[in-house]
Protein chains: 2
Amino acid sequence: MGEYQLDVVLSAVADPTRRAILDRLLVGDARVTDLASAFPISLNSTSKHIKVLERAELVRREVRGRDHVLSLRGEALGEAVAWMEQYRAFWEDRLAALEAFVLSDPVGDVPDDEDPADGGGAR
Amino acid sequence: MGEYQLDVVLSAVADPTRRAILDRLLVGDARVTDLASAFPISLNSTSKHIKVLERAELVRREVRGRDHVLSLRGEALGEAVAWMEQYRAFWEDRLAALEAFVLSDPVGDVPDDEDPADGGGAR
DNA sequence: CTGATATTCACCCATGCGGGTGAATATACG
DNA sequence: CGTATATTCACCCGCATGGGTGAATATCAG
C-alpha cells in the first residue's frame, strides 16, 4: 500500500535481471528452471530473484507438483506509476511550456533564472 | 537511454529518503541544507543522496555562489513510466477485460483453455 | 585578512544484496 | 521401493550503499 510497498516494488524493479525476468514473463508463464536457463545466472540466484519479485507482488506463483509456475502480476507497477505521475508535469508539457513562452515572448524577457520558489529564503 | 539509465533511475527512486527529497522539491526548489534540515539525516548524507539523484538526472543543480539550488527534473521518471507501461495490461483493464468477456459470452465458452497470461485460473 | 556559512571530500562502519556452491526437501517416474 | 527432477535452504564471499564524523574547499560578510 503506502510507502513501504513502494520501496519493495521499486527496489525489486531496479535490478536488471529482475526486469529481464518480468520481460520474459510478459511473453508467457514459466517455471523457475525456465527462467534460470534464460539468463546467465544460477538456478539458485533465480530462485532468490523470484522471491523478491513475489514479495513485491509482481509475480504470482502457482505450485503444480514439483513445478512452480510463475506468472506476471502488474498491479504493483500500477501503484508505482501512480506515484510517478505526480511528477508528470516535470517531464511532460515541459518542452511545450518552454516553447510556448519563447514563442509568445518576442521581447526576450526570458525568466531563465527560475523563480527560487520558497527555497532560497530562510537564514 | 537504454537499460543502464533505467537501473540508475529506478534504484535512485527506490530509496524512501530520496523519494522524500523529490517530494519536497515538488513544492519548490531548495538548497542542500534546506533538504537536510527537512529530514532526520545529516547534511553529508543528504549531499550524497542528491548526487545520486543528479546522476539519475532527477534533479538539476544550479550553483549560486556558495548555495547549490536543487530543482526537479522529471524526464527520467517519464522514461521509467514508459517502461512500466509495457505492463499496463497486467493491472489495468484487468477487471474490465474479465467483465467484458463474461458479459459477451453468455454461452460460457470461456477461453480457459491454456491461456498462460491469465494464470488466475481456478484455485 | 578574518570569521562564518554552504558543500563536499576522505574515511570508517554496519548491513544488504547479487551471485555462487553444496546439501536438504518435495514430487514425479519406473 | 529407488532414482531423477525441481526448488529451496543454509552458508560463504565481494562489493555497493546508507549513514556518520571530521577535515577540506568555496563563498559571503565585516
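Please find, among A:Val9, A:Val27, the residue that is open to solvent by 70 Å² or more (accessible area, probe 1.4 Å) and away from DNA strand C (no atom under 12 Å from the Cβ). Talk me through it step by step, then tell me what you get.
Working: A:Val9 fails: open to solvent by 70 Å² or more (accessible area, probe 1.4 Å).
The unique qualifying residue is A:Val27.
Within the stretch A:9-32, which residues are within 12 Å of chain B (Cβ to nearest Cβ), of a type in the set (Val, Ile, Thr) and within 9 Å of DNA strand D (Cβ to nearest atom)?
Result: no residue meets the conditions.
Residues that are at the interface with chain B (Cβ under 8 Å from one of its Cβ atoms), at pLDDT below 95 and open to solvent by less than 20 Å² (accessible area, probe 1.4 Å): does the stretch A:58-74 have at least one?
Yes - at least one qualifying residue is present in the stretch A:58-74.
Out of A:Leu35, A:Leu70, A:Leu6, which single residue is within 14 Å of DNA strand D (Cβ to nearest atom) and either basic (Lys, Arg) or in a helix (DSSP H, G or I) (or both)?
Being within 14 Å of DNA strand D (Cβ to nearest atom) and either basic (Lys, Arg) or in a helix (DSSP H, G or I) (or both) holds for just one of A:Leu35, A:Leu70, A:Leu6, which is A:Leu35.
Among B:Thr17, B:Thr33, B:Thr46, which is the only one that is crowded, with 20+ Cβ neighbours inside 10 Å and of a type in the set (Ser, Thr, Tyr)?
It is B:Thr46.
The values are calculated or read from the model by the stated rules, or taken from the named source; none is laboratory data. Keep in mind the model is a prediction, meaning the values are calculated, not measured. Positions of Cβ are generated from backbone atoms using ideal geometry, with glycine treated the same way; all protein chains shown enter the neighbour counts. Please note that ligands, DNA and RNA were not included when accessible areas were found on the heavy atoms of the full protein model with its side chains. Shrake-Rupley method; radii C 1.70, N 1.55, O 1.52, S 1.80 Å.
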